[in-house]
Amino acid sequence: MNLWMEKEARYCARNYDPLPVVLGSGKGVWLRDVHGKSYLDMMSAYSAVSFGHGHPALLAALTEQAQRLAVTSRAFHTDQLGPFLERLCSMTGQAKALPMNTGAEAVETAIKAARKWGYKVKRIPDNKAQVIVCHGNFAGRTTTLVGFSSEPQYRGGFGPFAPGFVSIPFGDAAALEAAITSHTAAFLLEPIQGEGGIVVPPPGYLAACRAICARHDVLLICDEVQTGLGRTGRLLACDHEAVKPDGLILGKALGGGLLPVSAFLAREDVMDVFGPGDHGSTFGGNPLAAAVGSAALRVLQEENLVERASSMGDYLMAGLRKLRHPAIRDVRGKGLLIGLELDPAWISGRAFCEKLMHAGLLTKDTHSTVVRFAPPLVITQDELDTALGIIRAVFDALPAKEAAAGAAEPLIV
Ligand SMILES: *Cc1c(COP(=O)(O)O)cnc(C)c1O
């Protein structure tokens, strides 16, 4: 433990368990610790840093706008918000957007919109609206959102929870149809479950959900906070099955890796349920966030990052599949959102990530057995070769399964 780790341990709530590295700077796909050692960033802050660290165009947008006008609240118009949301709507094919800051707030916004639409438009009886969600979902950490999580640790000790949610298995379209009642307002879905372990549903699932929701007048709301904006090799993960949701939630990368910027987007009759004063946020849609969000969307298009995510993702996926180490149970994902599942009897995800860290690559496990590989979309093939070399070397140095399973802590850490 060094000075910085000690201060964090002393003064910061222990709601995270960071890898033992203290970062001081970053550029592109590289991070540097306070001792000057470099690491490849294969996690991009859970996809928030899709454009890499310190992207010059994003830094320019941030600093210029910060000097001109940063925060006004939405009590007034600004010259930044309209153009930002125009670009966002036209890129995603949605009619209107409601700007927020974090992903969790944008999901909360989607739930409020769905419920109000249920009462005002679908005529569901007062306080009866239901939203269907999937096992293994991750939507953020507010009390309402953890209330419909299937992860005991996310819920434990935080109840009582808001009613009005029904949970069904992910990837099972028949279960969706069976769960719908006349009180169902919306189906809230991650097209690929990120925090749930990079879980890709069976082909045709999204399209089937789209058809079922349309048939029953239920809103299909896609939470693309993690999968959106190029991450999976298409602008939206829904695009893989040509599905247009009725509501769309974006966040993470929308802030260009610089600020929290999120939005709920929807078709007209859904967004129009909100009137002045119904919902809001002090910082949501501020001119600084709008300028950076606009610049992020511009960079995404100008640098063809969606296509890059697709081709580089295929390259990384092929490289990981070629490793063929017996400790690997599965390699899955789409584009540059890839999970490598380890045999927990061999090594834990956490221990594997610590070994990667010592070898110069940073990432984090999700659900303890899945190691996430989700680098900035600007990563080059050479840099992926560097990553694959490090990952291969860590596998090559793993002790045999019997030794690992029988060993005390020090051998696997
Ligand atoms: C990260 C994430 C969220 C929550 O975003 P925060 O900015 O952490 O509140 C919501 N949905 C999905 C799918 C996410 O991956």
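Residues that are in a loop (DSSP other than H, G, I, E, B) and within 14 Å of the ligand (Cβ to nearest atom) within segment 80-117 comprise ASN101, THR102, listed in sequence order. Condition test on CYS209, is it assigned to a helix (DSSP H, G or I) and either touching a residue at least 24 places away in the same chain (Cβ under 8 Å) or within 12 Å of the ligand (Cβ to nearest atom) (or both)? In short, yes. Within segment 238-252, residues that are assigned by TED's automatic domain parsing to the domain that holds GLN94 and open to solvent by 20 Å² or more (accessible area, probe 1.4 Å) have Cβ atoms under 8 Å from residues that are of a type in the set (Val, Ile, Thr) and not in a helix (DSSP H, G or I) in these pairs: HIS240/THR232; LYS252/VAL225, counting only partners at least 6 apart in sequence or on another chain. Restrict the check to segment 171-188 and report whether at least one residue is more than 16 Å from the ligand (Cβ to nearest atom), β-branched (Val, Ile, Thr) and either open to solvent by less than 60 Å² (accessible area, probe 1.4 Å) or not in a loop (DSSP other than H, G, I, E, B) (or both). Within segment 171-188 (the criterion being more than 16 Å from the ligand (Cβ to nearest atom), β-branched (Val, Ile, Thr) and either open to solvent by less than 60 Å² (accessible area, probe 1.4 Å) or not in a loop (DSSP other than H, G, I, E, B) (or both)), the answer is yes, since at least one residue qualifies. Summed over segment 118-136, residues that are open to solvent by 20 Å² or more (accessible area, probe 1.4 Å) and within 16 Å of the ligand (Cβ to nearest atom) total 2. Filter segment 139-152 down to residues that are more than 21 Å from GLU177 (Cα to Cα) and either more than 16 Å from the ligand (Cβ to nearest atom) or touching a helix residue (DSSP H, G or I) at 6+ places or on another chain (Cβ under 8 Å) (or both), then give me how many there are. Within segment 139-152, residues that are more than 21 Å from GLU177 (Cα to Cα) and either more than 16 Å from the ligand (Cβ to nearest atom) or touching a helix residue (DSSP H, G or I) at 6+ places or on another chain (Cβ under 8 Å) (or both) number 9.
For every residue, the table says whether it meets (1) buried (at least 20 other Cβ atoms within 10 Å of the Cβ); (2) under 26 Å from VAL378 (Cα atoms).
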residue	(1), (2)
PRO201	yes, no
TYR205	no, no
ILE212	no, no
GLY228	yes, yes
GLY233	yes, yes
HIS279	no, no
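Here ASP41 meets the list (1) acidic (Asp, Glu); (2) within 16 Å of the ligand (Cβ to nearest atom); (3) crowded, with 23+ Cβ neighbours inside 10 Å almost entirely, failing just condition (2). For segment 216-258, a residue qualifies if it is touching a Phe, Trp or Tyr at 6+ places or on another chain (Cβ under 9 Å), of a type outside the set (Gly, Ala, Ser) and outside any loop (DSSP other than H, G, I, E, B), and the qualifying residues are LEU219, LEU220, ILE221, ASP223, GLU241, LEU248, ILE249, LEU250, LYS252. Checked against (1) closer than 30 Å to ALA179 by Cβ; (2) crowded, with 23+ Cβ neighbours inside 10 Å, HIS55 passes all but condition (1). Once segment 278-307 is narrowed to residues that are of a type in the set (Val, Ile, Thr) and part of a helix (DSSP H, G or I), the residue that is nearest to GLU86 (Cα to Cα) is VAL292.
LEU305 passes every criterion in (1) open to solvent by less than 60 Å² (accessible area, probe 1.4 Å); (2) closer than 21 Å to PHE76 by Cβ apart from (2). Out of all the residues in segment 314-334, which are of a type in the set (Gly, Ala, Ser), on the phi < 0 side of the Ramachandran plot and open to solvent by less than 30 Å² (accessible area, probe 1.4 Å)? Of everything in segment 314-334, those that are of a type in the set (Gly, Ala, Ser), on the phi < 0 side of the Ramachandran plot and open to solvent by less than 30 Å² (accessible area, probe 1.4 Å) turn out to be GLY319, ALA327. Please indicate, with yes or no, whether at least one residue in segment 264-283 is on the phi < 0 side of the Ramachandran plot, of a type outside the set (Gly, Ala, Ser) and within 19 Å of the chain's Cα centre (by Cα). Yes - at least one qualifying residue is present in segment 264-283. Residue count for segment 386-398 satisfying the condition of being assigned to a loop (DSSP other than H, G, I, E, B) and open to solvent by 30 Å² or more (accessible area, probe 1.4 Å): 1. Considering each residue of segment 190-206, count those that are touching a Leu at 6+ places or on another chain (Cβ under 7 Å) and either of a type in the set (A, V, I, L, M, F, W, C) or more than 16 Å from the ligand (Cβ to nearest atom) (or both), and give that number. Of the residues in that region, 2 qualify.
Out of all the residues in segment 138-146, is one or more outside any strand (DSSP E or B), farther than 18 Å from ALA110 by Cα, small (Gly, Ala, Ser) and modelled with pLDDT of 95 or more?
Of all residues in segment 138-146, those outside any strand (DSSP E or B) come to 138-146.
Still in the running and farther than 18 Å from ALA110 by Cα: none.
The answer is no; no qualifying residue exists.
Restricting the search to segment 152-170, which residues are touching a strand residue (DSSP E or B) at 6+ places or on another chain (Cβ under 7 Å) and either hydroxyl-bearing (Ser, Thr, Tyr) or not in a loop (DSSP other than H, G, I, E, B) (or both)? Result: PHE165, VAL166, SER167, ILE168. The residues of segment 137-164 that are in contact (Cβ under 8 Å) with a residue 24 or more places away in the chain and open to solvent by 40 Å² or more (accessible area, probe 1.4 Å), listed by number, are PHE138, ARG141, THR142. Residue count for segment 47-78 under the criterion of being more than 16 Å from the ligand (Cβ to nearest atom) and among the hydroxyl-bearing types (Ser, Thr, Tyr): the result is 4.
The values are calculated or read from the model by the stated rules, or taken from the named source; none is laboratory data. Just so it is clear, the model here is predicted, and its values are computed rather than measured. Because the Cβ atoms are built from the backbone with ideal geometry, glycine has one as well, and the counts that use them run over all protein chains shown. Calculation scope for accessible area: heavy atoms of the full protein, side chains included, ligands and nucleic acids excluded. Shrake-Rupley method; radii C 1.70, N 1.55, O 1.52, S 1.80 Å.
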